[in-house]
1. Identify, please: which residue in segment 1-31 is surrounded by fewer than 18 Cβ atoms within 10 Å (Cβ to Cβ) and within 13 Å of residue 103 (Cα to Cα) and is, among those, modelled with the highest pLDDT?
2. When you go through (1) under 15 Å from residue 10 (Cα atoms); (2) free of Cβ contacts under 8 Å to residues at least 40 places away in the same chain one by one for residue 60, which number turns out not to apply?
Amino acid sequence: MNIYSALKFIQIDHEPVNHLQVVITDQSGKPDAGMTDLLADCLNKIDIFVDLSTTDRVSDVIDDLNLLTPLPYDVLEEYQKILEQPITGVNIAMKKQLIELIYAPMV
């Protein structure tokens, strides 16, 4: 599973996930600020320009952003990487009101 598929799959009260509640953590639960910030930036653009429910793959999202925004290629490439980031699990942190996407760092 990757971040894109998790975002497509997870719903809260039958609504898409609020991207302000999504963080990326390592397996011990420590947030990764860099990856979380990149994902938040990407999801902000998606909220404005793309309807995730009409996409089937990450490339659909990137194609839509390429068509509808003036974002440079290197930014789109980083967005693609973060959306394709493999995750090993999802943790719902009720007390923090966060959805933690857990990734396994590359060895």
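1. 2
2. Of (1) under 15 Å from residue 10 (Cα atoms); (2) free of Cβ contacts under 8 Å to residues at least 40 places away in the same chain, only one is false for residue 60: (1).
The values are calculated or read from the model by the stated rules, or taken from the named source; none is laboratory data. Computed from a predicted model, the values in this text were never measured in an experiment. Positions of Cβ are backbone-derived with ideal geometry, glycine not excepted, and every protein chain shown enters the neighbour counts.
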